[in-house]
Structure formats: structure tokens, C-alpha cells
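Let me begin by presenting the structure, written as C-alpha cells, before commenting on it.
The values are calculated or read from the model by the stated rules, or taken from the named source; none is laboratory data. Everything numeric here is computed off the predicted structure, so don't read it as measured data. Backbone-built Cβ (ideal geometry, glycine too); neighbour counts: all protein chains shown. Side chains included, ligands, DNA and RNA excluded: accessible areas come from the protein's heavy atoms. Shrake-Rupley method; radii C 1.70, N 1.55, O 1.52, S 1.80 Å.
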Amino acid sequence: MLSGAKLRSLLRQIGRWLSLAVATALGLSPMMSVWFPSLSPYVALGGLLAVKTASAVTLVGVPVLVLAAIWPRWFCRYACPTGFLQELLSPRRAAAWRRWPPVGKWLLVITVGGAALGYPIFLWMDPLAIFNSFLNAWRKPVAIAAGLMLPGVVLFNFFLPHVWCQRICPLGALQELLALLRRHKRTPLPIPHQQRLARRAFIGMCAGAAGAAVVEKTVGRRVPPLRPPGALLGEAFTGVCVRCGNCGQVCPSHVIRQDWHSVTGFLAPVLRYEGDYCRENCHRCGQVCPSGAIARLPLAEKRQRLIGVAKVNLDICAMANGQECTACVRACPYEAIVMVESADGFSSQPRVVRGKCNGCGACEAVCPVWPKVAIRVYPTQRT
Amino acid sequence: MNHHISRRELIRILSAAGLGTAFATRTVADELDAKNPTPTGWDAVRKQIPVKPRDRHPASLVDGKVIQPERLLPVVAETDVLVVGGGPAGFAAAVAAARAGVKTTIVERYGHFGGLWTGGIVLVVISTHAKENGQKIKVLRGIGDELLQRHTKVSGAIINHEEGKHNPTTDPEATKFFMDEMIAESGANVLLHCWATDVVMDGNTIRGVVFESKSGRQAILAKVVVDATGDGDIFAAAGAEFEQRLHAIGMVHRLGNVDRADMNKLKAAGFKSLGSVEPLASVKWVNLRGPMADGLDVKELTRLEMEHRRSIWKRVQQLRNTPGGENIFLLQTAPQLGVRITRTLAGVRQLTYAESRAGKKFDDVIGVGGAQGANHVGWPIPYGALLPKKLDGLLAAGRCVCVDDKLIEDIRLIAPCLTTGHAAGAAAAVAAQSNCRPRDVEIAKVQKLLKEQGAYLG
């Protein structure tokens, strides 16, 4: 007969191996990759507060949240593949993690405060998103930088065991707070303790909101780069995006790349129309986004969603310079480029029809003008 | 010094000189006569040759209708492969067939080969390359490429042909010359100034072509006919199914002395560029897009010919009246109107734009089209696109092969025309040698011959 402790330990082992297997299997099957990271109530909460729209994906995190209130840190103990990998790959030794401040709780309240203003600052530190980005990095080298988070966390744990899980991970902090609330219901905390907690939460949220406001007032004023169709407008996207890499992974035309040039949007997806474009018969990126940074749009709606608008550089356009080129006109899946004859009939020019063009980039991808293409999709101004 | 000459002396000198001159003249004339026994001068000009009676079959008015009588046509040749049209496609077809060792005849309506390339002054051979796995590769190989290579033997005949470049531009006179050279070397029988007007049918099979020329109406019989007319005149006359399209019809012109123009002044006046480069630095060619029109309607062709020439004249005068452009002159308006597309064959297999961009592979591939900017994959062309659905004894080549409306913009370019022409000529030769219909030809044999002739099949 197994004792209670031994049984729990066995269950825990089984649970974690199972979870690792399921997370890996889901993460590696392209269209299923959304489901595991969306289990995280941290991502669900941050995304929900920031985007203010719920979808089926948001609701997946609810049971985890409810269970966490009953059963302290159950997810960490039984299901988190990131935590499990850290434990597997670190030496067993006494750890002094208790000396560390509760960074995770601060990250959590700051993120919630920021999310209220549309910018959940540390949402990208979710452990499940980190796990998924690692899987995606293996299969698509462009996502490799985001995938380095998991090895980074494991390495960190190697030298400072348990510090990440116990003190930094915001998902762990969320579960701990819930457990705290439940304990408080049973045996109320002393008033000074309560006050201290409330004060800290308030300060953290204000800091988050201030951070979000700063981002909004500074980089938020810039015209953002081209984002996948249905992406949140402006800087909100870089906050809600958890850098899991799912969108880049499922994109059939490989136009979703990582942004290296922006601080706030570091490693967030941007579109590059080099040789291919955002396909008219695809809306996968929105289907696999766990945080709601890219909306889950039906295909018909996605086709109408504005990514940007194509503009022609008539100085170098082959057609406008009298050559027999109709590459962009023919390639446009939405018939948004028309040919306009010049008054003397000597040449024609391509003209982009606003309202038909959604910035899919089919024209840019086929433009034969070299070395700089003559038609490019530009981001639209923020509305 | 005594400069005085007496009257007597003067008379003596003058008479001696006069005698000498007369004698000398007489001697030269005698020598000419001895070398050239046939009479020269007016005798030759007025010489008559025996009158050949003109074949007379006048149409007559019967009840207000014009009726043409039944008539017997002289057959001027019987050949294995008859190529109608001497543009890029017809040229390549004739060379391919003749080199394969079958009796080949090529008929061309103008006095030179090259069609719109030379006569239409289109000059730039677009779609010579494609991009495969990130690498630029040449897809125009075989006869078309050999023709371009010959241009490099002389200076001022071709530009943008160096390694690493694509879409070369040639000098039209050089192209005509090298086309003549290759056709002559191939041993093909040539008839210029012959306009094919009708076909000789035997049931569902075409047996020959009727054409008009200064020699009257004549016929050529052939085992296989290659329709390289561009307009599909032959397959249309033979009753094959086809599609008919409108496209912009333009006219190219060339400007001379462009190297003596002051571009800074011209740019300030709003002339962005003078035109497209040619091998000769002093010349540029200028495209004119023109309105959508039916290239098979002679009234339209007449109207556009005159309208375009008028607007070109106006534009060049404007250029000459602009500071910086005084030295520029109108070197030439293209002898051939720029008809881009008219009929396309309804073939056994229609090649589509979507298939071309996906680089779809075919078992019966006979050539590969390129990318206009060498920026996408090459597109294999299936043999079925040259074959009529039902009509036998004929293969289409050039812009009139079976493609959808978007791919027309690629298939009508010079490089793909050279490619489909080469393929049609080789396939026609194999069909003639194997004594079978083009649709029954063993495709592996055609592919083998094409490869032997240097063609690229992917």
C-alpha cells in the first residue's frame, strides 16, 4: 500500500510527464498549438482585460483559475511543463529561494494595471507561452530568438534553483494570490497585513498603468509596422502578444516574421512580403493566438480586415515607365489594382483602389522592379 | 623667266591635248565593252522579259453579290513541316524542324524575320530567366538562346546579356541579320512576302496552306503545319476552337540623337525619361500602350496606325521644341502595329496563371517560361497547350497557344514565344518523321530532341 505522500508524489510524476507530452503534442500540431498556452489564466486575464473581448480561447483558462483557488499552485505541481523541465534539468540541492523578493506578484499586479489601460506589460513572461515559443523555434528558425526564453529560464534555474518558479513566474504568483484570498476567507489576515497587501497591489497597478500610459504616449504615437490581419491596433499589440510564435508557425506563406527593430515590440510578429503574401484563403494566425492579440476572425471577415495599404512608386514602376508589366494587377486577389491610361495613351499606371486593397502584399511579392520594388504595402495611420 | 607662249605654241598644245583626251576615252570604253558583253545603260532598262500571263480568276457580281469562282491553285512546294509566320516562334520552329532533318518551309508576310521583335521594334527579350531556390537560372535556352548568343559576336547588337543580367535588348537589324543567318544555315526553305490566307483541308486534318503574294495565289502542302501567325489565322481558318480577346494596341517609335539631349533640362520640363535603352547609345525606343481594340478588325488597325503615328509625331515635335531636346529626332515609327493578343487556341490543355506561379510540373513539358523580373519560379509549359482540341495536322506556337487571360501577359513575350516555337518545330518534325498526327506523337521523343537541341525542360 502506498502512503498518502508517496501516492501524491507518484500522481505528480505521472501528471507532469503527461502534461509535458500533451503540451508538446499540441504545440507541435499546427492548428492545435493555441490550446495549451491558453490554459494559462494569466494570459487569459491579461488578454481579457486589455482586449476587452472574450472568445472560446479565453474561457479555457477559467477552470485552471477556479481549481487554483481550491488547490494552491496545483498547476505548478502537476501540469506546468516549463517548471517540470527546470526541475528535470537542475541539480537537486537545497535552495535559498526564500531570500528572494516576490517579483512575480509585482509583475502580476503591474501587468494587470497595465492591462486595464490596454497594455499588459509582462504578459510575455507566461511560462506556457515560453514553452510554446520553444517548440515553434525548433520548427521555424525565424522564431528562434523567442524560443531562447525557455533555455534561458532553465539555465537560470540551474544556478538559482526554484527562484523562477517560486519568486518570478507571474502565473505562479497568480495562483499564490488566489490561495491567499481563500486562506484569508477561512482565517482572516491581520489588518496591517491586509493594508500592506492592498497598498502594494495599488502601487503595482498604478505603476503598470503609468507604464502603459508612457508606452502609449511615446512609442504608441508611431505608426506600427505591418501586423498579421486582425491584430490589435497600435502599441496594444506588443503588450498583449505573448511571443509564443504560434502565428509565425502556422503561416503558410511564411510572411510572419519577428520584429528585431523595436523595443516594445521586440520579437513580436511583423509581416514581410518578400516573395509571398498574406493568403486570401487563410486566417490561421488568428486561430492560434492564445492571448487575443490577433483576433479570431472568420475567413470572410479576415479578408476585409485592413493590414495596410499598397502604394505605387510611379518613378520606378515598370508599367508607368512604358514597359509591358502588369504583374501587380494580375496578382491582386481582390482586384484592387486598376490600370489607368495617361491622357496621351503612351503609358498606363497602376492605381490602388482604397476600400478594395487590404494590404495582403500579393502585389509587392510579385513586383519585378529591382532592387527596390515599385509597389509596397504601408501601414495605415492609427485610427 | 619668260612666261610668254606664242599663239602657234598655244594652238599646238591645245590640239595635242584634245586628241589625247579623245583617244583615251575611246580606249577605256573599249575595255569596258570587252569585260562586260551584255549591254548596259538604257538597253538594259528597257529590256523586256517574256510576259507571264497573270492567273485570272476575277470575282464577278451575281445579283449584287461578289462571287469568286472555283479555281485550281498552283502548289509551289510539298514539305514535311510548314511554318506559317516568321516571328520569334515561327523562326525557332523552322530552325528546330529543319535541324531535325525534315523538309521545312517557312512563310512570312513581311520581308524579314522577327515579327514584332524586329518589325514592331519591341526589342527587349523579357522572361529569359526565373528564380529557382533563390538562384537566378536561365530558362530560355536552345535555339532562342543561340540566337541571342550570336548577337554578342558583334558590337552594338545586344545589351544586358552579360552573366548575371536578364531580359537583354537587341538591335533590330542585328536580329534580322542573325535570324536570316540561322534560317539559311538550317536549310529551311524560305518564302517571304507571302500572306497566308486560307487552309487546305482533308476532313478534320489540315493538309496545307494557301497564301497570297506578288506571284498570285498559291498553295503549299505539308504533313504538319505550325501556326506561328500570332493571331491564330491558320487554326481559325481550319475551324479549330479558339478564344478571341481585346487588348491594348500600340505602336513603338525610336528616337535618334538621344545622347545629344540635355536630360537635366528635359527633366525640368517634365520628360522623366526618353525611352528604353538600346544597344546603340544614340537611340532609344519608346513604347505606346494605346487603347483596347480588336486586332483582327482592319478598320481598327487602319485607324490606330494613323492615330498613333500622329500622336507620336506630336510628341516628338514637343520634345524637339523643349530646351534640351532640340537635337532629338524621330528615327522611325514601327512598321508593324503593336497588336498584343487576338485569338488564342482552345487547346487540349489550358495553362493557367495560377499553375504558372505555382510552377506546376507536367509530364508533357516542352519548355519553361521565365519570370519577367527573374523574381519567381519558372513555369513548365505542357505540350497540350500547343495542340488543338480536335483539329489534326496543326500545332500552335507563340502568343496564340492555349493559356488563360492572365497568363497571356507572359506567354506573348518574346522569350516564351521562342520557347513554344522551338517546341512546336521539334514536335512537328517528330510527327512528320513518325508519320503520325501531332496529338499521337511520342512525347519522350520530342523531349529527347528538344534536349539535344539545347532546350530547357526544367
Options A:Thr58, A:Thr24; residue that is part of a helix (DSSP H, G or I) and either at pLDDT 85 or above or among the acidic types (Asp, Glu) (or both): A:Thr24
Select, from B:Glu409, B:Glu442, the only residue that is without any contact (Cβ under 8 Å) to a residue 12 or more places away in the chain and either farther than 19 Å from B:Ala222 by Cβ or of a type outside the set (Asp, Glu) (or both). B:Glu409
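Which of the residues spanning segment B:395-406 are outside any loop (DSSP other than H, G, I, E, B) and either touching a Pro at 6+ places or on another chain (Cβ under 6 Å) or surrounded by fewer than 24 Cβ atoms within 10 Å (Cβ to Cβ) (or both)?
Our first condition is that a residue be outside any loop (DSSP other than H, G, I, E, B); within segment B:395-406, this holds for B:395-396, B:398-400, B:403.
Residue satisfying the conditions is B:Leu395 alone.
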Going residue by residue through segment B:53-68, is there one that turns out to be touching a helix residue (DSSP H, G or I) at 6+ places or on another chain (Cβ under 7 Å) and among the β-branched types (Val, Ile, Thr)? no
Consider segment A:288-337. How many of its residues are polar (S, T, N, Q) and part of a helix (DSSP H, G or I)? 1
Inside segment A:86-106, can you point out the residues that are open to solvent by 20 Å² or more (accessible area, probe 1.4 Å), under 23 Å from A:Phe134 (Cβ atoms) and under 25 Å from the mean Cα position of the chain (by Cα)? A:Val103
Complete set of residues in segment B:165-191 that are more than 30 Å from A:Pro368 (Cα to Cα) and surrounded by 15 or more Cβ atoms within 10 Å (Cβ to Cβ): B:Phe177, B:Asp180, B:Met182, B:Ile183, B:Ser186, B:Ala188, B:Asn189, B:Val190, B:Leu191
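For segment A:275-295, enumerate the residues that are of a type in the set (Ser, Thr, Tyr) and within 14 Å of chain B (Cβ to nearest Cβ).
Initial filter on segment A:275-295 (of a type in the set (Ser, Thr, Tyr)): A:277, A:291.
Listed by number, the list holds a single entry, A:Tyr277.
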Filtering segment A:345-383 down to residues that are under 14 Å from A:Asn321 (Cβ atoms) and not in a loop (DSSP other than H, G, I, E, B), which residue is nearest to the other protein chains (Cβ to nearest Cβ)? A:Ser348
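Please tell me if A:Cys278 is within 26 Å of B:Gly378 (Cα to Cα), without any contact (Cβ under 8 Å) to a residue 60 or more places away in the chain, open to solvent by 10 Å² or more (accessible area, probe 1.4 Å) and assigned to a loop (DSSP other than H, G, I, E, B). I'd like the intermediate steps shown before the answer.
Values: within 26 Å of B:Gly378 (Cα to Cα): yes; without any contact (Cβ under 8 Å) to a residue 60 or more places away in the chain: no; open to solvent by 10 Å² or more (accessible area, probe 1.4 Å): yes; assigned to a loop (DSSP other than H, G, I, E, B): yes.
No; evaluated as a whole, the condition is false for this residue.
For segment B:63-84, does any single residue satisfy the condition of being over 30 Å from B:Val430 (Cα atoms) and either among the basic types (Lys, Arg) or surrounded by 22 or more Cβ atoms within 10 Å (Cβ to Cβ) (or both)? Lay out the reasoning, then the answer.
The first filter runs over segment B:63-84 and keeps only residues over 30 Å from B:Val430 (Cα atoms), leaving B:63-72.
Filter once more, keeping what is either among the basic types (Lys, Arg) or surrounded by 22 or more Cβ atoms within 10 Å (Cβ to Cβ) (or both): B:65, B:71.
Yes; the residues of segment B:63-84 include at least one that is over 30 Å from B:Val430 (Cα atoms) and either among the basic types (Lys, Arg) or surrounded by 22 or more Cβ atoms within 10 Å (Cβ to Cβ) (or both).
For every residue, the table says whether it meets (1) in a loop (DSSP other than H, G, I, E, B); (2) away from chain A (no Cβ under 14 Å); (3) at pLDDT 95 or above; (4) farther than 29 Å from B:Val403 by Cα.
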position	(1), (2), (3), (4)
B:Thr302	no, yes, yes, no
B:Glu307	no, no, yes, yes
B:Arg310	no, no, yes, yes
B:Gln317	no, no, yes, yes
B:Glu326	yes, yes, yes, yes
B:Thr344	no, yes, yes, no
B:Ser356	no, no, yes, no
B:Lys360	yes, yes, yes, no
Looking at (1) surrounded by 19 or more Cβ atoms within 10 Å (Cβ to Cβ); (2) within 12 Å of chain B (Cβ to nearest Cβ); (3) within 13 Å of A:Cys317 (Cβ to Cβ), which is the one condition that is false for A:Cys332? (3)
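Has segment B:391-412 got at least one residue that is more than 21 Å from B:Arg245 (Cβ to Cβ) and away from every other protein chain (no Cβ under 14 Å)? Explain how you work it out, then say what you get.
Filtering segment B:391-412 for residues more than 21 Å from B:Arg245 (Cβ to Cβ) gives B:392-393.
Those left that are additionally away from every other protein chain (no Cβ under 14 Å): B:392-393.
Yes.
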